[in-house]
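What follows is calculated from the coordinates using simple rules that are stated; it is not laboratory data. What you are looking at is a predicted structure, and each value in this text was computed from that prediction instead of being measured. Quick reminder, even Gly has a Cβ in these numbers, built from the backbone with ideal geometry, and neighbours come from all protein chains shown.
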């Protein structure tokens, strides 16, 4: 199974990257840091075609499992992750063949907050987007980090990784 983790944090080496590093001890996965590529906001006139979104998507659709990892910013996903999700519209309007390749792919989501309080409805946009695109939503996990990851968070990441491997194998 070919896995990619897409990091949507404004800091490449912040708390979200610590969570990703812990996850990658359990999963062999490639990493795409959205901060390192240029993805413009959605544009109805498609004037943003020269950015990195469509080339990135052509690569992303070659993976079996896509794991989106985002910090919790003001009770929601990061702006980088929102731009990325908004731009999936390009795969439905401009480059439909790329968009069709998402059908049947697996999607999972991890949030990284500053405490153990999960925001109600946080994962709903991801679940609904997966359903709309014909993707298999394998689940979500809320993590938190202040300093070093707590053992509870590390155990949750381990269990989540095992669950993803098991679900994708079925």
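For this structure, a couple of remarks:
- In degrees, nearest ten, helix 151-169 long axis to first principal axis of the chain (Cα): 50
- Once the Cα-Cα distance is subtracted from the 0.36 nm per residue extended length, the residue 12 to residue 96 segment shows a gain of 27.2 nm.
- Taking every C-alpha pair closer than 8 Å and separated by at least 6 residues, the mean separation divided by the residue count of the chain gives a relative contact order of 25 percent.
- 0 to 90° range, to nearest 10: angle between helix 15-24 axis and the chain longest Cα axis: 80
- On Cα atoms only, tilt of 124-133 relative to the major axis of the chain in degrees: 40
- Inter-label distance, nm, simple model (7 Å from Cα along the C-beta direction), residue 47/residue 89: 1.5
- In the chain, the ratio of gyration radius to Kirkwood radius, Rg to Rh, stands at 0.95 when only Cα atoms are counted.
- Available extension along the chain between residue 136 and residue 38 is 32.5 nm, counting 0.36 nm per residue and deducting the alpha carbon span.
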